[in-house]
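The values are calculated or read from the model by the stated rules, or taken from the named source; none is laboratory data. Just so it is clear, the model here is predicted, and its values are computed rather than measured. Virtual Cβ from ideal backbone geometry, glycine too; neighbours counted across all protein chains shown.
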Amino acid sequence: MPSVSIVIPAHNEADFLPGCLAGVQEAAALARLEVEVIVVLNRCTDGTEEIARKAGALIAHEDERNLSKIRNAGAALATAPILITCDADSIPHRKTFVLVQEFLTNDRLVGGGTLTFPERLSLGIFVSIASVLPYLIWHGVSFGLFWCRREDFEAIGGFDEALVSVEDLDFAKRLRKHGRKSGRKFGTLIKAPLKTSCRKFDQFGDWYLFLSPHAVWRVFRGTDREVADRFWYQVGRK
């Protein structure tokens, strides 16, 4: 039986998935763990499925334009006691599984997120990130890559399928609240930061989040289909 299951949503991710899977493989080797990799295909028309199958990943399908449903579809196949979710355009740190296993072998933490760094940095990206950072600080959560016991994932109902955006931050807030009931804290993998792509900045511009506060507000509502499609589900990918 695998020790860790990692769920990776993928919509035409042939360019990024190999890097993500290589990062997972390196982290698994360092931790000496059997890792169950689950790639959830979402309306893929490129070579994503072939890449995932060659890497030995389990395959799930979910064609709804809803990341909560996509993530939950992968989690439904998971068999390991520890569950992790990571986007296909991100690369886990080599120490990710080592630290997750260490943190979840005791009852002090319910799970958590990780520090996340962009693959490149500019003044516009720095200011854009800084403009949304207060929201995360206010709620005391981190994001990017989530980790928890599968039983706690199931206890909070996984990701909220009523949301079409910010489902990750909503999940973090509910996991944190769930942990408090049993005296457990929400943690952050400070020593294992996630590297994520800048394709949103490449497409919309490095300053877009800072210069478009109304669009950001609509994203954080979580239920605005038009803005969710624009930023996530109908973005141009090969």
Next item on the list: Could you check how many residues of the range 82-125 are of a type in the set (A, V, I, L, M), assigned to a helix (DSSP H, G or I), in contact with a helix residue (DSSP H, G or I) (Cβ under 8 Å, 6 or more places away or on another chain) and within 20 Å of GLU26 (Cα to Cα)?
Entry: 1
Next item on the list: State which residue is farthest from the chain's Cα centre (by Cα) when the search covers only the range 136-158 and only residues that are under 12 Å from ASP170 (Cα atoms) and part of a helix (DSSP H, G or I).
Entry: HIS139
Next item on the list: Working only within the range 86-119, note down all residues that are at pLDDT 95 or above, in contact with a Ser or Thr (Cβ under 9 Å, 6 or more places away or on another chain) and more than 23 Å from ARG71 (Cβ to Cβ).
Entry: none
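Can you report the number of residues in the range 107-118 which are surrounded by fewer than 16 Cβ atoms within 10 Å (Cβ to Cβ) and over 24 Å from GLY158 (Cβ atoms)?
We begin by selecting, within the range 107-118, every residue surrounded by fewer than 16 Cβ atoms within 10 Å (Cβ to Cβ); these are 107-108, 117.
In the following step, the residues that additionally are over 24 Å from GLY158 (Cβ atoms) were identified as 117.
So the count comes out to 1.
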Check: How many of the residues making up the range 181-203 are touching a residue at least 40 places away in the same chain (Cβ under 8 Å), assigned to a helix (DSSP H, G or I) and not hydrophobic (A, V, I, L, M, F, W, C)?
Finding: 1
Checklist line | Residue under evaluation TYR208, criteria (1) of a type in the set (Ser, Thr, Tyr); (2) surrounded by 15 or more Cβ atoms within 10 Å (Cβ to Cβ); (3) within 21 Å of the chain's Cα centre (by Cα), criterion not met | finding: (3)
